[in-house]
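K.L.:
I have a structure I would like to understand better, so I am pasting it below and will then ask my questions one at a time.
Nothing in this text is a laboratory measurement; each read-out follows from the coordinates by a stated rule. As the structure is a prediction and not an experimental result, all values here were calculated from the model. In this analysis, Cβ positions are derived from the backbone assuming ideal geometry, glycine residues included, and neighbour counts consider all displayed protein chains.
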Amino acid sequence: MKSVFISVVLVVFSYGLSCAQPPDTNTDESRIPPYTLPDPLISPNGKAITTVKDWERKQRPYILKLFTENVYGKIPAKPAGMHFKVTETDSAALNGKAIRKQVTIYFAAGDDAPSMDLLLYLPRTNKPAAVFVGLNFTGNHTIAADKAIKPARHLKKKDQQITDSEAIESSRGSSASRWPLEEIINKGYGVATAHYYDLEPDDKDGWKQGIRTTMKDALHIATDAWSAIGAWSWGLSRIQDYLESDAAADAKRTILIGHSRLGKTALWAGANDQRFSIVISNNSGEGGAALSRRVFGETIRNLNTSFPHWFIARYKSYNDHPEMLPVDQHMLLSLIAPRPLYVASAEDDKWADPKGEFLSAKNAAPVYALYKLQGVTVNEMPAVNTPVGATIRYHIRTGKHDVTLYDWQQYLEFAEQNKKSE
């Protein structure tokens, strides 16, 4: 069976952990240059958008197009011939609390098509369950110590002296703290995840092996017309496609979640695919939830220098001029409306600019107000571990750049509160 990639690679180093900051990075509030945010409710001809109808028919497509052309690139449609194969089922996983399924998602006809491995946990209930959907950094087998979980296809070892099997087994469950499965299952929710390398390796040449190349002809899109974040976002929608085929999952209540670069991915996927009922951004920072015009922590130049594959080439033209961008990230958040949105930061994660994430969430509120929904209404950053907001919610917790049990507890509570709007 041919997969997207031939070699088995497992990422055993920590993706999504805070990077060393360049010496010229600004972390001084007094040094932030003055800026003015573009108004998401002002049309290209200067007319105020005052109705949901005008927002959905005119302004929303316009803003989505601006992000497509200037930041993330296009996202192609669902491919023809896509199909699924359940390769393993355990009806008594997690000490009998859950059903575990392992599924291969084939992106074209035939079992030699490019594919992605999905790991799905569902609570043992008599009704379809809402599911948290998110990509993982280090392989499905790292989110739980269960030896039955298929290892990641892609192995990148720090120590080349150890065997692939030794590297795989030593990393089983190494990311379990980021995926508190029992806590999630106990609340009645499921989890669906896949390794983001199955879609495209996270390096500047990853496109050569990933779906931007292997699926280029089938998707009718040029390789440089989209980005790595676009490819990863596209994969999240393909997980949603599978969930719509699984009677045990409530595909109308899927909750999209992502951390760090995968938080950026979740926001872009949620903006493009409105089937996701709730969108959660965890420490997504620059190019995610944080305002670009607020020059603090990571900048557009930092992103495009360290990760030139994440965004399209045109984004580089704004490296030193975020004020020239026709959009800012509060407008990306506004594209989630009217669906519930959660933005979260960490106190020690200055690189991701927590205040910039807060202000972005706050400035998306006027679009939610069109739907008579309340966003973040407080004017100042809340205290740590004190969530604020309604349909748009925000918290900053103690600690570093990570996904913690505290974060998950807030997301589970948010999902419960928004059942009526899912």
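K.L.:
Magnitude of the Cβ-charge dipole of the chain, K/R +1 and D/E -1, about the Cα centre, nearest 20 debye?
P.N.:
That gives a dipole near 980 debye.
K.L.:
Given the options Ala251, Ala337, Tyr106, identify the residue whose Cα lies farthest towards the positive end of the charge dipole of segment 38-421 (+1 on Cβ of Lys, Arg; -1 on Cβ of Asp, Glu).
P.N.:
Looking along the dipole axis, the top candidate is Ala337.
K.L.:
Now a separate question. Quick one: of Lys187/Lys252; Lys150/Lys355; Lys47/Lys372; Lys204/Lys264; Lys97/Lys252; Lys101/Lys362, which pairs are farther than 28 Å apart, Cα to Cα?
P.N.:
Lys150/Lys355; Lys101/Lys362
K.L.:
Over the chain, what is the relative contact order in percent, taking alpha-carbon pairs closer than 8 angstrom and at least six residues apart?
P.N.:
18 percent
K.L.:
OK, next. Please identify, among Glu286, Glu380, Glu357, the residue showing maximal mean-square fluctuation in a Gaussian network model of the chain using a 10 angstrom Cα cutoff.
P.N.:
Glu380
K.L.:
Taking a virtual spin label 7 Å from the Cα of Arg31 along the C-beta vector, which residues in segment 303-342 bring their backbone nitrogen under 20 Å of it?
P.N.:
Label zone hits: 303-306, 319-323.
K.L.:
Something else about it: Mean separation of Cα pairs under 8 Å and 6+ residues apart, divided by the residue count of segment 172-250: what relative contact order is that in percent?
P.N.:
The normalised contact order for segment 172-250 reaches 21 percent.
K.L.:
Expressed in nm², what is the orientationally averaged projection area of the convex hull enclosing the Cα positions of segment 299-385?
P.N.:
Its Cα hull, projected and averaged over all orientations, spans 6.8 nm².
K.L.:
What whole-number volume per residue, in cubic angstrom, does the convex hull of the C-alpha atoms of segment 360-422 give?
P.N.:
92 Å³
K.L.:
Largest first and in whole Å, give the semi-axes of segment 333-380's equivalent ellipsoid, each being the square root of 5 times a Cα gyration tensor eigenvalue.
P.N.:
That gives 22, 10, 8 Å for the three semi-axes.
K.L.:
Please work out whether segment 164-257 counts as rounded, prolate or oblate from its C-alpha gyration tensor, where a ≥ b ≥ c are the square roots of the eigenvalues and a/c under 1.5 means rounded, while otherwise a/b larger than b/c means prolate and anything else oblate?
P.N.:
The shape class here is oblate.
K.L.:
Counting only C-alpha contacts under 8 Å and six or more residues apart, can you give the relative contact order of segment 321-420 as a whole percent?
P.N.:
Here the relative contact order equals 29 percent.
K.L.:
Calculate the radius of gyration of the Cα atoms of the chain to one decimal place, then report Dmax, the largest Cα-Cα distance, as a whole number, both in Å.
P.N.:
When restricted to the Cα atoms of the chain, Rg and Dmax are 20.4, 64 Å.
K.L.:
Considering the options Ala365, Leu118, Tyr196, tell which one lies farthest towards the positive end of the dipole of the chain, charges being +1 on Lys and Arg and -1 on Asp and Glu at the Cβ, about the Cα centre.
P.N.:
Positive-most Cα among the choices belongs to Ala365.
K.L.:
OK, next. Of Lys204, Lys355, Lys150, which has the largest mean-square fluctuation in a 10 Å C-alpha GNM of the chain?
P.N.:
For the chain, modelled as a Gaussian network with Cα springs under 10 Å, the answer is Lys204.
K.L.:
Then there's this: Which value results when the Cα radius of gyration for segment 64-141 is divided by 2.2 N^0.38 Å?
P.N.:
Rg over 2.2 N^0.38 Å, computed on Cα atoms: 1.43.
K.L.:
A further question on this structure: In segment 45-204, what is the volume of the convex hull around the alpha carbon atoms, normalised per residue and reported in Å³?
P.N.:
Once divided by residue count, the hull of segment 45-204 is 197 Å³.
K.L.:
Quick one: if you stick a label point 7 Å off each Cα along the C-beta vector at Lys216 and Lys85, how many nm between them?
P.N.:
Computed distance between label sites Lys216 and Lys85 equals 2.7 nm.
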